[in-house]
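Shown next, in C-alpha cells, is the structure this report addresses.
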Amino acid sequence: MSRYDPAVTEPKWQKAWDEAGTFRARRDQRPKYYVLEMFPYPSGDVHMGHVRNYLIGDVIARLHLSRGYDVLHPMGWDALGLPAENAAIRDKRHPAERTAENVRTFKKEMRRLGLSYDWSREINTSDPETYKWSQWFFLKFRERGLVYRRYAQVNWCPGCKTALANEQVKDGLCERSGDVVEKRRMPEWAFRITQYSERLLQGLDQLTEWPEEVRKKQRNWIGKSEGAKLFFDVVGSDERIEIFTTRADTVYGCTYVVVAPDHPILERIVPAERRAAVEAFAKDQARKAAKKRHDEELPKEGIDTGAKVRHPFTGEKLPLWAANFVVADYGTGAVMCVPAHDERDYEFAQVYGLPLRIVIRPEEGALDEPLQAAFTEDGVLADSGPYTGLRSAEARAAIARAAEEGGFGGPAVTYRQRDWGISRQRYWGTPIPIVYCERCDPEGEGISVPYEDLPVRIPPINVAEVLTGTGEPPLAKVPEFVHTTCPKCGGPARRETETMDTFVDSSWYFARYLDPHNDEVPFTREVADRWLPVDVYIGGPEHATMHLLYFRFWTMVMHEMGMVPEPEPVKRLINQGIVNGPDGRKMSKRWGNVAGATEICERYGADAARTFVMFAGPPDKDIDWSNEKVEGCARFLQRVWRLAWKNHAHAGVAAPAAFEGRALEIRRAAHRTLHVVTEDYDRLSMNTAVARMMELVNFLLPIEPETDAEKAALAEAVRLLATMLSPVAPHIAEEILEAYGASRSVLETGWPEADPALLVEERRRYVIQVNGKLRGEVEVPAEAGEAEVRAAAEADAKVRPHLEGKTVRKVIFVKDRLMNFVVG
RNA sequence: GCCCGGGUGACGGAACGGUAGACGUGGCGGACUUAAAAUCCGCGGCCCGCGAGGGCGUGAGGGUUCGAGUCCCUCCCCGGGCACCA
C-alpha cells in the first residue's frame, strides 16, 4: 500500500480500540489521570468549531495513556435547557426525541474523529437517573440553609408571559417575540453562593495552574470591596438607613443621602404628602430601567422624599433622596453622597442644586474653587471635626473604628457577586423538588419532596399543547404533574412548576462520571478519593465566570458534606480558542462558513483534521479553519506514510553494536526530536511538536540507507516518529507500528525515552557578535571554553575585519550560544 | 470609564533577554509527464550593490542592557469581559 487511505485505516483502529476496551478507566495500580472536557449540549450538526475542545483533551488523554497512567476520559451530554426547548416549540417535536437523535450524531462523529472516551461512563442530564441527583443536591443544600426563596428582578416578556434568561434577551427585546422585556419582581429559588464569595476568592490563589485571565475575571466578578457601613437615623422615626462606602474619609462632606427608588424602607418613612409622588417616581424608574439597553447609562434622576436623616458624626439633618443611580441589590441599596469628592454625587448635585462641601484637599497644591469637577483622589482631611489633618487612608480606619465604638457602623466588606437564582419557567429542565400544601405550609415556603420520592420526573406531554412558548410555565399546564399529595399530611398539594437552571447539572456532573450507575448516592467517597480532583479541564473562556464559579461553589459544598477530598474541582484549566471559519468569523451556520466534521473526515481523514487543529496554533489562541492547510497536513501524513513504507523492509534488521556516520546522525535526529516533542507536549505546545516532527520527516525521507546500521537506525526512527505522532494522529501511528511488528497498541507499550547519549553534541556552533551585531559563526568542539571560542572567532575571516584597529573593551561569553565583542 | 488579552513576511505561526521569521499555507521558477494530478528540487522581509557585503526591520516613541520581538515607561490600533458597584 504505497498510498495511505484513511477511509480504510481509521475505522479499522476505531473498531480495534473499542473491542479491546482501550479507553476504559480501570482503577488498577497505575497512577490516575482525569482528563475532562466541558460536556456539550448535543446540537444537530457537528462542525470543526465544536470539536477543538475534544481534540485537545484527546491528545492529552492519549499522551497520558501512553505514559502509563490510568486515564479517566469520559463524555456526556448537557441535554436539558433552552436550545432544546426552543427547537421543540419551533417544530413541535418532543425535546427528548431530538436530543436522542443528536446524541447519536455526536457520538458517531466523536468516534469518527478517534476520540478516546470511556463510553461505559456516558451520562445524560435529561436522564431521570442523573437529574434525580441534582434534586437530591437541591434538598441537601436546602438542609444546609443554602437554598432560599426570594423576590428578585427577572426579565419578563409581556407578550410571552414568561420570565426569560438573560441569554434570551437581545438588546432589551425578547429574542422570540420581539417585545420589550421588563424587569419584574418575581419569587424565585436561589442558592446562597455569596456565603462562599470570600472562599471562592481566596481559593483562586491556590489555582496556580489556571489561566491568570480566568482568575482575574473571577476576582473581578466577585468584586470584593472593603470599606465601612454607617447608619443614618431617620428623623422622627426609629428607622435607620444603612449605607456602604469605600470613602469613609469623606463623611464630613456628605450633604445628602440617596436610596434606590424601590428601597423597602421608603414605604415606612416617606411623609404622607410625598408618598404618591415617590411611588410614582419608583414606578416610572422601573419602567425606564426595564427599557434601557444593557450598556446604556440613563441620565440621573431623583426625587426628594421629604424625609430627613441625621448625619452620624455631626448630627446635622440631611435630605433623603431616592434616585435611579443607586442600585437596589448592591451594598445596602443606599449611599451617602459627597458631591465634592465623588463624580456621580457631583453630577447629581449639579442637576438638583444640592450643596457641596469640600473635606479633602490634595497633599500638595490647591483645589480650583469653586470645583468644576469632583476631586476624587485621596488627600488630607479638612473641616472634618477631630479627623481634620489626617490622611485619607488613616481617616478611613479611624472613622470606621469610631462608628463601631459609637454603635452606628463599622468596617464592612461588600461583594459585587449576587446569589444564584435558579428558577426557570421552563419544561425541559430538572423539576425543583418542592410541593406546596396550604394546610401544612400556609406561608408557602415550600415543602421538600422526601428523598425516597426522587426523582420528580419531567412528565410526558403533548408538545403542541404545552410547549407554546406563551402563558403559564409549561409544567403548570400539566395537571397530572401539578396535583400531588402532601408528603406531610397526605392531603392535596401542588407541585412547584419551575425547573432548575442547567448550570446546576453542570456544577457536579464531573463527579457523576466516577460512579455513573450508582442508584444509592451520586457517587461514593471511595471513587472520589481515587479520581478527584480533575487533573485537566478543557473548555471555552466564555465559562470563566458563570459555570466555573458555580462549579467551584458546588465542590466546596460537597467538600463540606464530606463527599469529595478537596474543595476545588480542577487542578489545571485550559481555555481553548475559537475555531473561526476561513473568513475569520466565528464558525456558524449563519455565516455559511462551517466545516462539517463528517465532510472533513471523509475528505481528508480524521488524522489530517486532528493534525491541522493541533498545528494551526497554540490551544488557547483562536484559529481560522482552512481546507488548504488541512490538505497540507494530509500531505505531511502521506510523507510519514511514505517514509514508513520505503523503510518497511528494514523493520527486522538487527541493530549493530555501534552506530557511526550517517547511521549515528539518523539516530541523533530521531532522539533529539523525541526529546523536544515530549517537552512540547508537556507544555501543551502541540503546534511546535508537530513542526518538529515535520522537520524530522524532511530530514529522513531523502535518505537511501546502504548499511545495516543505517537501515536499523531508520527503522528505529520510524517507530519513534509514529509513537510521538500517536497522540495527534493515532490511526496512522497504529497502522505504521503494526506494520513494523508491534503486537499491541501504542497506548499500551509505553512512551519511549530519548537516549541521553544521543542528545549530546560533539561540536557546537557559536554566534559571534561585535557590538551586538551578528558578524559570524564558528564551530568548536562542544567542550570548548571561552578561550578556544575567542581564538576561533578572532581567526574568523568574517569577524576579523570588524575587530581590526579597535580596542576590545569587553567580551561577553554565553556557553553553548554566543560571544559578543564590545569594541570601541 | 475600569480590567484582561493581542499587534512579528502575502497568510497561520516559531523564537529560556542571545542567529528574528522554525514549521506550514499560498506564490514564483524548474524537473518528471503527451497533458494534468501527485511527487521531487530551488527561490522567497525591505533597501543599496554585479558580487562579496552593508544598512534597515517584530504597531509608534523613549528607556534599561554588551545584546530587546521578549524587561520598564508613554502612546496608538484590534479583540474580549465588566460597568451608575458607592
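The values are calculated or read from the model by the stated rules, or taken from the named source; none is laboratory data. Note that this is a predicted model, so its numbers are computed, not measured. Every residue, glycine among them, receives a Cβ derived from its backbone with ideal geometry; neighbour counts consider all protein chains shown.
Only one of the numbered conditions (1) in contact with a strand residue (DSSP E or B) (Cβ under 9 Å, 6 or more places away or on another chain); (2) β-branched (Val, Ile, Thr); (3) surrounded by fewer than 20 Cβ atoms within 10 Å (Cβ to Cβ) is violated by A:VAL778, and that is (3).
Candidates A:ALA616, A:ALA608: the one that is of a type in the set (Gly, Ala, Ser), at pLDDT 95 or above and out of contact with any Pro (no Cβ under 6 Å at 6 or more places or on another chain) is A:ALA608. For region A:212-229, the set of residues classified as part of a helix (DSSP H, G or I) and either in contact with a Lys or Arg (Cβ under 6 Å, 6 or more places away or on another chain) or within 6 Å of RNA strand B (Cβ to nearest atom) (or both) consists of A:GLU212, A:GLU213, A:LYS216, A:LYS217, A:ASN220, listed by residue number. Considering the conditions (1) more than 14 Å from RNA strand B (Cβ to nearest atom); (2) surrounded by fewer than 15 Cβ atoms within 10 Å (Cβ to Cβ); (3) modelled with pLDDT of 90 or more, A:PRO370 is excluded by exactly one of them, (3). Contact annotation: residue pairs with Cβ atoms under 7 Å, 6 or more positions apart or on different chains, pairing a residue in region A:207-225 that is in contact (Cβ under 8 Å) with a residue 24 or more places away in the chain with a partner that is of a type in the set (S, T, N, Q) and outside any loop (DSSP other than H, G, I, E, B), are A:PRO211/A:ASN575; A:VAL214/A:ASN575; A:ILE222/A:SER197; A:SER225/A:THR414. Looking across region A:653-711, the residues that are more than 25 Å from A:GLY741 (Cβ to Cβ) and more than 36 Å from the chain's Cα centre (by Cα) come down to A:GLU660, A:GLY661, A:ASN698. Being of a type in the set (Val, Ile, Thr), touching a strand residue (DSSP E or B) at 6+ places or on another chain (Cβ under 9 Å) and at pLDDT below 95 holds for only one residue in A:VAL351, A:VAL309, A:VAL338, and it is A:VAL351. Of the residues making up region A:303-331, those that are part of a loop (DSSP other than H, G, I, E, B), in contact with a helix residue (DSSP H, G or I) (Cβ under 7 Å, 6 or more places away or on another chain) and within 23 Å of A:GLU347 (Cβ to Cβ) are A:ASN324, A:PHE325. For region A:91-135, a residue qualifies if it is at pLDDT 95 or above and at positive phi, and exactly one does: A:GLY114. Pairs linking a residue in region A:684-697 that is hydroxyl-bearing (Ser, Thr, Tyr) to a residue that is part of a helix (DSSP H, G or I) and more than 6 Å from RNA strand B (Cβ to nearest atom), with Cβ atoms under 6 Å and 6 or more positions apart or on different chains, are A:THR688/A:ASP680. Beta carbons closer than 7 Å, at least 6 apart along the sequence or on distinct chains, pair a first residue in region A:363-385 that is within 13 Å of A:ASP249 (Cα to Cα) with a second that is surrounded by fewer than 15 Cβ atoms within 10 Å (Cβ to Cβ) and of a type in the set (Asp, Glu) for A:THR376/A:GLU343; A:GLY379/A:GLU363; A:VAL380/A:GLU363. Taking each residue of region A:435-457 that is β-branched (Val, Ile, Thr) and looking for partners that are at pLDDT 95 or above and assigned to a helix (DSSP H, G or I) with beta-carbon atoms closer than 7 Å, six or more apart or interchain, yields A:VAL456/A:GLN135. Of all residue pairs spaced 6 or more apart or on separate chains, those with beta-carbon atoms under 7 Å, a first member in region A:750-766 that is closer than 19 Å to A:TYR681 by Cβ and a second member that is crowded, with 16+ Cβ neighbours inside 10 Å and among the aliphatic types (A, V, I, L, M) are A:PRO752/A:LEU674; A:PRO752/A:LEU720; A:ALA754/A:LEU674. Annotation: A:ALA754 fulfils all but one of (1) surrounded by 14 or more Cβ atoms within 10 Å (Cβ to Cβ); (2) within 13 Å of RNA strand B (Cβ to nearest atom); the unmet one is (2).
If you go through region A:1-28 and keep only what is within 35 Å of the chain's Cα centre (by Cα), loosely packed, with under 12 Cβ neighbours inside 10 Å and touching a residue at least 24 places away in the same chain (Cβ under 8 Å), you end up with just A:ASP28. Just so you know, in region A:671-721 the residues that are part of a helix (DSSP H, G or I), over 29 Å from A:GLU209 (Cβ atoms) and β-branched (Val, Ile, Thr) include one that is farthest from RNA strand B (Cβ to nearest atom), and it is A:VAL718.
So, in region A:230-245, how many residues would count as being touching a helix residue (DSSP H, G or I) at 6+ places or on another chain (Cβ under 7 Å) and either within 15 Å of RNA strand B (Cβ to nearest atom) or within 17 Å of A:VAL413 (Cα to Cα) (or both)? Looking only at that region, the number is 1.
If only residues of region A:633-669 that are surrounded by fewer than 17 Cβ atoms within 10 Å (Cβ to Cβ) and of a type in the set (Lys, Arg) are counted, the one that is modelled with the lowest pLDDT is A:ARG662.
Scanning region A:252-286 for residues that are within 13 Å of RNA strand B (Cβ to nearest atom), part of a helix (DSSP H, G or I) and in contact (Cβ under 8 Å) with a residue 60 or more places away in the chain gives A:GLY253, A:ALA286.
In the condition set (1) at pLDDT 95 or above; (2) under 18 Å from the mean Cα position of the chain (by Cα), A:VAL564 is compliant with all but (2). Residues of region A:569-580 include none that is in contact with a helix residue (DSSP H, G or I) (Cβ under 6 Å, 6 or more places away or on another chain), of a type in the set (Val, Ile, Thr) and modelled with pLDDT of 95 or more. From the list A:ARG667, A:ARG639, which one is in contact (Cβ under 8 Å) with a residue 12 or more places away in the chain, within 10 Å of RNA strand B (Cβ to nearest atom) and in a helix (DSSP H, G or I)? Sole residue among the options that is in contact (Cβ under 8 Å) with a residue 12 or more places away in the chain, within 10 Å of RNA strand B (Cβ to nearest atom) and in a helix (DSSP H, G or I): A:ARG639. Among all residues of region A:526-538, there is at least one that is part of a helix (DSSP H, G or I), of a type in the set (Phe, Trp, Tyr) and under 30 Å from A:LEU725 (Cβ atoms).
Counting only helices (runs of 4 or more DSSP H) wholly contained in region A:418-523, the ones carrying 1 or more residues that are farther than 16 Å from A:TYR131 by Cα and of a type in the set (A, V, I, L, M) occupy A:463-466, A:479-482. Number of residues in region A:772-815 that are outside any helix (DSSP H, G or I), more than 8 Å from RNA strand B (Cβ to nearest atom) and within 18 Å of A:GLU762 (Cα to Cα) equals 9.
Of all the numbered requirements in (1) touching a strand residue (DSSP E or B) at 6+ places or on another chain (Cβ under 9 Å); (2) among the β-branched types (Val, Ile, Thr); (3) free of Cβ contacts under 8 Å to residues at least 24 places away in the same chain, A:THR499 misses one, and that requirement is (3). Close Cβ contacts (under 7 Å, 6 or more residues apart or on different chains) running from residues in region A:229-251 that are hydroxyl-bearing (Ser, Thr, Tyr) to residues that are more than 11 Å from RNA strand B (Cβ to nearest atom) comprise A:SER237/A:ILE269; A:THR250/A:VAL359; A:THR250/A:ILE360. Within region A:297-313, the set of residues being touching a Gly at 6+ places or on another chain (Cβ under 9 Å) and among the aliphatic types (A, V, I, L, M) comprises just one member, A:ALA307.
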